[in-house]
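Here the structure comes first, spelled out in structure tokens, and everything after it is commentary.
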Amino acid sequence: MLDLLKRPILTVQEFYLLAGQAVRNVIRQPHYGDDISLQMDQIGVGSLPIVVLTGFFSGAVMALQMSRALAQYGQVGKTGEIVAISLVRELGPVLTALLVAGRNSSGIASELGSMKVTEQIDAMRALGTDPIQKLVTPRLVATAVVLPLLTIIADFIGMFGGYMIAVFRLNLTGTQYWSSVWQVLVWDDLAQGLLKPFVFAFVVALVGCFFGLRTTGGTQGVGRATTQAVVAASVLVFVLDFFITQLFVGLNPK
Amino acid sequence: MTPEPAALRFENVFVAFEGEEVLHSVSFAVPAGETRILFGAAGSGKTVALKTALGLVTPDSGRVYVFGQDISRLPERELFDVRSKIGMLFQESALFDSLTIEENVAYPLLNQKSIRCGPEECRRRVREALRFVELEHTLEKFPSELSGGMRRRVAIARAVVTGPPLLLYDSPTAGLDPITANTIITLIVKQRDLSNTTTLIVTHRYQNGNLLANYRYEPQTGRLLRTNGAGRRTAATRFLGFKDGRLILDATQDELDASTDPYVSKFVKHNG
């Protein structure tokens, strides 16, 4: 039994060690500003099209589905409220994190995994560079900056998707929709809507780096690391989402 | 006891990965300026020995001295200073895919803290290193645009660009045709003889060991000349045989050739 537990416990310990080193490196020299910019471009700008598309359609679908339920109570006018709350609190952060996990955790794991199996990581260490400082910290910083921004964009585009449905399918006016959106959102929603992507950014970046850096077994190993990274990052996003939501519900039960 | 001033010294080094022993009580010393040829079957611990010498692998027990400094328990950040004295050629070259050849060769100059190198000086040294391997024209290319042999030569340029006194070559001729393999070995002998560097080389080819032990670089002709067994090189070159993580032989070429050990003679005969 102890032997069975040993490996997962060691894995978690290694993950925390990597996370600790990556975070500590944020304030340590040398800083690789160029790498951070490059990663922000790849993760942020690169993910923008899929985040916009997904945000738009999830907002539109949410409006369509909710309007049917609300129609039973004659409250179709509240569609904007439901769309705004569900997008800002849950769908925006979680969907964006899942998309970025699928796109970038896998990308990071395969890139670092390929470097690992071709001994480029060893070469980096041999030539005077700390791979965590050079590869992991820039990806972490870049993701922590762009994921909240992508989430804000996804939220707005989602609300716009809801607006299109509200105006063209539900015969609401634009003012009616946007004023209900504006009135329902409170600081608490924005706080959890922005805290979540910030926390998810650590998962998306570090899980990708972690599985990439421990790749063994050639190209097959790279494929395995990529899959593991996406699966682990996606599951962790949901688990952490639960705990953060629980925290906010506990803090503000009303 | 203060260790004798050897360029590299292993004392009872044990290394295990996930419970599996890959180096078992390995001890040897390489005095400065000498050459050691590491041979043995795949998985016998040769590459791990090189990586341990570079501090990329930490021994579970035993000590590793590089130029008299015990590196076995040094933290990663302090190892960077030690590594700046060592050049390493990795098995598959390990050039950075995303960097040009010029950036690859300049990498140690720009990243090793102990090296202070302005942009002009860096460029000059990079060109000099690439001229040494006769690839000066590839500055702007990416590694994927070069052949396997050329990549290996660029990796040699990257290993020697800082002028390290100790050089480690991991299977420098693996997967190359005989002509390219000889070019690579000529470069290694040239580097060793022109800069008087201490050299460790992992190889499966007996011919490579033979060239390193019995030939020297002739700067006038740019070719290798046989020393007829009487040269300083022959005495300063020893063969280290690895089997299942153990060092089973530390011998001169004559002793190697005379060995009756079936494992050792198989290596000599198969490659002879």
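The values are calculated or read from the model by the stated rules, or taken from the named source; none is laboratory data. Treat the numbers as computed from the prediction; the structure is a model and nothing was measured. In this analysis, Cβ positions are derived from the backbone assuming ideal geometry, glycine residues included, and neighbour counts consider all displayed protein chains. For accessibility, only protein heavy atoms count, side chains too; no ligands or nucleic acids. Shrake-Rupley method; radii C 1.70, N 1.55, O 1.52, S 1.80 Å.
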Worksheet entry | Sum of side-chain charges, A:Pro197 neighbourhood, beta-carbon under 14 Å (Lys, Arg +1; Asp, Glu -1) | -2
Fill in: Sparse-neighbourhood loop sites, chymotrypsin sites (Phe, Trp or Tyr not before Pro) in segment A:49-144 - DSSP loop, at most 15 other Cβ within 10 angstrom
A:Tyr73
Worksheet, complete the sentence: Mean per-residue count of partner chain Cβ within 10 Å for B:51-58 equals 2
Worksheet item: What does the average come to when, for each residue of peptide B:93-105, you count the partner chain Cβ atoms lying within 10 Å of its Cβ?
Response: 3
Discussion item. On the principal axes of its Cα set, how long, how wide and how thick is chain B? Give whole Å, largest value first.
Written reply: 53, 44, 33
Practice prompt. Rounded to whole Hz and in sequence order, give me ³J(HN,Hα) for segment A:184-198 from the Karplus expression 6.51 cos²θ - 1.76 cosθ + 1.60, θ = phi - 60°, writing x for Gly and Pro.
Written response: 7, 6, 10, 4, 4, 5, 5, 4, 6, x, 9, 5, 4, x, 5
Discussion item. Using helices alone, I'd like the mean residue ellipticity at 222 nm for chain B: each DSSP H run of four-plus residues gives -39500 (n - 2.57), total over residue count, nearest 500.
Written reply: -11000 deg cm²/dmol
Worksheet item: In segment A:80-125, what residues drop by 10 Å² or more in accessible surface going from the chain by itself to the full protein assembly, probe 1.4 Å?
Response: A:Thr118, A:Glu119, A:Gln120, A:Asp122, A:Ala123, A:Met124, A:Arg125
Item to complete: Quick one: pull the percent of accessible area on the protein assembly as shown belonging to carbon and sulfur, 1.4 Å probe, ligands and nucleic acids left out.
Response: 59 percent
Response to the item:
Once accessible area is computed for B alone, A alone and the pair with a 1.4 Å probe, the total buried surface, to the nearest 100 Å², works out to 1800 Å²
Discussion item. Can you compute the FRET efficiency between B:Thr252 and B:Glu218 using 1/(1 + (r/R0)^6), with r the Cβ-Cβ distance and R0 = 30 Å? Round to the nearest 0.05.
Written reply: 0.80
Practice prompt. Could you tally the net charge around A:Asp122, taking each other residue with its Cβ under 14 Å from the Cβ of A:Asp122, Lys/Arg +1 and Asp/Glu -1?
Written response: +2
Discussion item. Taking the Cα centroid of segment B:126-186 and of segment A:107-168, what is the distance between the two, rounded to the nearest whole Å?
Written reply: 34 Å
Practice prompt. Putting +1 on Lys and Arg Cβ atoms and -1 on Asp and Glu Cβ atoms, find which of A:Phe210, A:Ile165, A:Phe200 reaches farthest to the positive end of the dipole of segment A:160-254.
Written response: A:Phe210
Worksheet, complete the sentence: segment A:200-254 and segment A:25-49 have their Cα centres apart by a whole-number Å value of 19 Å
Fill in: Extended-chain gain in nm, criterion 0.36 nm per residue less alpha-carbon gap, A:Leu48 and A:Leu4
11.7 nm
Item to complete: Go through segment B:23-86 and name the trypsin sites (Lys or Arg not before Pro) that are in a DSSP coil and have 11 or fewer other Cβ atoms within 10 Å of their Cβ.
Response: B:Arg73
Worksheet item: Across chain B, where is the longest run that never hits GluC sites (Glu not before Pro) in a DSSP loop with at most 16 other C-beta atoms within 10 Å?
Response: B:141-272
Worksheet, complete the sentence: Quick shape summary for segment A:31-251, equivalent ellipsoid via Cα gyration tensor, semi-axes whole Å in descending order, reads 39, 15, 15
Discussion item. Sequence gap at least 6, Cα distance under 8 Å: using those rules, report the relative contact order of chain B to the nearest whole percent.
Written reply: 23 percent
Item to complete: Just need the relative contact order of segment A:1-115 here, percent rounded to a whole number, with Cα pairs under 8 Å and 6+ apart.
Response: 24 percent
Worksheet, complete the sentence: DSSP beta bridges in the protein assembly as shown: the antiparallel percent, rounded to 5, is 55 percent
Discussion item. Let me cross-check B:Tyr206: its accessible surface, 1.4 Å probe, with only protein heavy atoms counted, in Å² to the nearest 10?
Written reply: 30 Å²
Worksheet item: Taking only C-alpha pairs under 8 Å that are 6+ residues apart, what is the relative contact order of segment A:31-251 in percent?
Response: 36 percent
Response to the item:
Over the protein assembly as shown, with neighbouring protein chains present, the accessible area per residue in Å² at probe 1.4 Å is 47 Å²
Practice prompt. With r as the distance between the Cβ atoms of A:Gln65 and B:Ala16 and R0 = 51 Å, compute the FRET efficiency 1/(1 + (r/R0)^6) and round to 0.05.
Written response: 0.35
Worksheet item: For A:Met159, what accessible area in Å² do you get when you roll a 1.4 Å probe over the heavy atoms of the protein chains, rounding to the nearest 10?
Response: 10 Å²
Response to the item:
Ordered by number, the chymotrypsin sites (Phe, Trp or Tyr not before Pro) in segment A:159-254 that occupy a DSSP loop and have at most 15 other Cβ atoms within 10 Å are none
Worksheet item: Where the eigenvalues come from the Cα gyration tensor of the protein assembly as shown, what are the semi-axes √(5λ) of the equivalent ellipsoid, largest first, in whole Å?
Response: 59, 24, 19
